[in-house]
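The values are calculated or read from the model by the stated rules, or taken from the named source; none is laboratory data. Treat the numbers as computed from the prediction; the structure is a model and nothing was measured. All Cβ positions, glycine included, derive from the backbone under ideal geometry; neighbour counts span all protein chains shown.
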Amino acid sequence: MTAAADRLDPGAGRSSDPRRGTFFLLSIPAVVGLALFLILPILFMVALSFRADLNGTLLAPFDPTLKQYDKLFATGSYWNLLGISTLIAFGVATIATLLAYPLAYFLAFRAGTRAGLYLILLLVPFWTSYLLRVMAWKLMLGEAGVINSVLLATGLIQHPLEALLYNRFSVVVTLVYVWIPFAMLPILAAMGRIDTRLHEAAADLYASPWQQLRRITLPLSLPGVIAAFFMVFIPTVGEYVTPLLVGGTGGTMYGNIVQAFFVQAANWPLGAALSVIMLLATLVLVIIGIRIVQPRRLLGQ
């Protein structure tokens with residue numbers, strides 16, 4: 001009778017599952033950390049954006065106002081820069097994901113027993129400081145940098161190329177370099193779950209390697225590709241360190257404006273309002289992308 005009742009009511013046995021208590025106990029530190037270091041700061045930033053100014057202490061009582069948002073909506077340059085930053089983030093995420101896919105494919109299906117070694121070698125340069133890696137590209141792209149020096153030495157150019165640095169091209173190149181290994185990891189994880197016997201069966205049916213890639217590997221690895229794209233896209237929208245170092249005034253992004261209001265202009269309420277708008281815009285774009293791609297349908301396939 002008990003087994004029959006459990007089949008009729010699938011949720012009947014869940015309340016008595018001893019693992020549920022352990023799960024909730026182990027999840028408490030993660031939930032507390034998420035609330036303290038993510039949700040609470042975001043709520044604090046939203047509240048700060050409704051302040052008229054920063055007179056007095058940061059936690060002093062204030063009357064909520066839309067003054068900062070009125071100023072934001074009245075200034076078209078903020079929206080133009082947000083649009084440009086979004087397009088740059090989309091391009092960086094697309095290029096990084098496309099370049100990371102062959103690397104993940106090689107490590108998953110062609111590297112064999114040396115896959116772990118190759119993965120470590122690929123990630124070793126990224127154990128160094130982020131700033132050092134960005135500054136290395138500044139030395140590569142500068143007028144007296146490696147690229148111009150090689151081109152001058154070979155006689156391909158007569159004068160150093162000035163267009164390699166301090167513009168959005170240098171920002172895109174540097175960000176793609178920074179994100180490729182991180183974009184590769186979710187794709188590699190998705191490919192690691194693909195049963196290699198599917199490729200063997202396809203080969204027995206005279207499927208070419210290209211057909212195996214198009215009909216087996218690519219569809220089954222799409223969840224990892226989507227995760228890699230959004231993992232690059234979301235933080236790149238608000239990037240400010242790389243544009244500051246290699247972009248200059250010609251490569252300014254939306255994050256640089258937010259950073260300027262917090263650090264240089266000391267206008268924290270307006271900086272918070274800009275941050276809230278960027279957060280909402282990113283969330284809307286991610287939701288639209290998820291609705292279009294429909295990851296559940298892909299996982300079902």
When you check PRO235 against the structure, is it surrounded by fewer than 21 Cβ atoms within 10 Å (Cβ to Cβ), modelled with pLDDT under 90, in a helix (DSSP H, G or I) and not aliphatic (A, V, I, L, M), yes or no? no
Evaluate the following for ARG168: is it among the charged types (D, E, K, R) and either more than 20 Å from the chain's Cα centre (by Cα) or surrounded by fewer than 16 Cβ atoms within 10 Å (Cβ to Cβ) (or both)? no
Would you mind telling me which numbered condition in (1) at pLDDT 90 or above; (2) surrounded by 14 or more Cβ atoms within 10 Å (Cβ to Cβ) LEU117 fails? (2)
Please indicate, with yes or no, whether at least one residue in the range 66-84 is over 18 Å from LEU270 (Cβ atoms), of a type outside the set (D, E, K, R) and in a helix (DSSP H, G or I). yes
In the range 154-212, how many are over 24 Å from PRO102 (Cα atoms) and touching a Pro at 6+ places or on another chain (Cβ under 9 Å)? 1
Right, ILE39: in contact with a Lys or Arg (Cβ under 7 Å, 6 or more places away or on another chain), at pLDDT 90 or above and more than 19 Å from LEU188 (Cα to Cα) or not? no
Counting just the residues of the range 38-53 that are out of contact with any helix residue (DSSP H, G or I) (no Cβ under 6 Å at 6 or more places or on another chain) and not in a helix (DSSP H, G or I), which one comes out nearest to TYR69 (Cα to Cα)? PHE50
How many of the residues making up the range 120-165 are without any contact (Cβ under 8 Å) to a residue 60 or more places away in the chain, outside any loop (DSSP other than H, G, I, E, B) and either under 30 Å from ARG193 (Cα atoms) or touching a Phe, Trp or Tyr at 6+ places or on another chain (Cβ under 8 Å) (or both)? 8
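Against the definition (over 28 Å from VAL241 (Cα atoms), modelled with pLDDT under 90, part of a helix (DSSP H, G or I) and not small (Gly, Ala, Ser)), how does THR57 come out, yes or no? Break it down stepwise before answering.
Values: over 28 Å from VAL241 (Cα atoms): yes; modelled with pLDDT under 90: yes; part of a helix (DSSP H, G or I): no; not small (Gly, Ala, Ser): yes.
So THR57 does not fit the description; no.
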If I ask for residues that are surrounded by 11 or more Cβ atoms within 10 Å (Cβ to Cβ) and either touching an Asp or Glu at 6+ places or on another chain (Cβ under 9 Å) or hydroxyl-bearing (Ser, Thr, Tyr) (or both), which ones from the range 52-74 would you list? ALA52, PHE62, THR65, LYS67, TYR69
Given the criterion on the phi > 0 side of the Ramachandran plot and assigned to a helix (DSSP H, G or I), identify the matching residue among GLY248, GLY255. GLY248
Go over the candidates ILE226, ILE194, ILE187, ILE180 one by one and state the one that is closer than 15 Å to ALA104 by Cα and part of a loop (DSSP other than H, G, I, E, B). ILE194
